[in-house]
Amino acid sequence: MELERIREAAERVAQSLGLEIVDVEWKVGRDRFLRVYIDKPEGVSHKDCEAVSNQLSVLLDVEDLIPGQQHYILEVSSPGLDRKLTKPAEFERFTGRLARISTIEPVENQKFFEGRLAGVAGGKVQIEVQGRVIAVPMEGIRKANLVVEF
């Protein structure tokens, strides 16, 4: 199965509805799951998820993008309050928000950072930790998520 072709189909559907695709995941366990995370600046509604699910389901069948006769479960949702961050534009969009970043290799002798996002410059995510701005290379990020604040 080509996840990239599924992502492209999901992006066509989302774009037609004024939405963006945040992530697409394929998980195989006891069941087969295709998870699609959508977003828009003003937030995602249940109707948005339903519309993407209905249209994408048809497109996946018509273009035969999910191989095999075994059924699969399609889930469409918002990325959540603790959303994963993967693209430079997402780090820019959430400047000022609290985030956690873990790296593949140490940056300034650390692999874990929690602080306020301060944008992206020169391919590096800027994160303010205890009054210091640390530049973390995009390609060196293992995982990055927003932190829920109350």
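Here is how the numbers come out for the structure above:
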| read-out | value |
| --- | --- |
| Spatially proximal aspartates and glutamates relative to LYS124 (Cα-Cα < 16 Å; intrachain offsets below 8 disregarded) | GLU90, GLU92, GLU105, GLU108, GLU114, GLU139 |
| Simple Cβ-charge dipole of the chain, Lys/Arg +1 and Asp/Glu -1, about Cα centre, in debye nearest 20 | 500 debye |
| HN-Hα J in Hz across region 65-74 - Karplus 6.51, -1.76, 1.60, θ = phi - 60°, x for Gly and Pro | 8, 10, x, x, 8, 5, 5, 9, 10, 9 |
| For ARG32, residues with placed amide H under 5 Å, excluding near neighbours | ILE73 |
| Ascending count of other beta-carbon atoms within 10 Å, so fewest first, for PHE113, PHE91 | PHE113, PHE91 |
| Derived scalar couplings ³J(HN,Hα) [region 85-97; Karplus, 6.51 cos²θ - 1.76 cosθ + 1.60; whole Hz; x for Gly, Pro] | 10, 10, 10, x, 4, 5, 5, 5, 4, 9, 3, x, 8 |
| Computed [θ] at 222 nm, deg cm²/dmol, the chain (DSSP H ≥ 4; -39,500 (n - 2.57); rounded to nearest 500) | -7500 deg cm²/dmol |
| For the chain, radius of gyration divided by Kirkwood radius, i.e. Rg to Rh on alpha-carbons | 1.04 |
| Percent antiparallel among DSSP beta bridges (both partners in region 3-77, rounded to 5) | 60 percent |
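No lab work stands behind these numbers, since they all come straight from the coordinates. These figures come from a predicted structure and were not determined experimentally. Cβ: placed from backbone, ideal geometry, glycine included. Neighbour counts: every protein chain shown.
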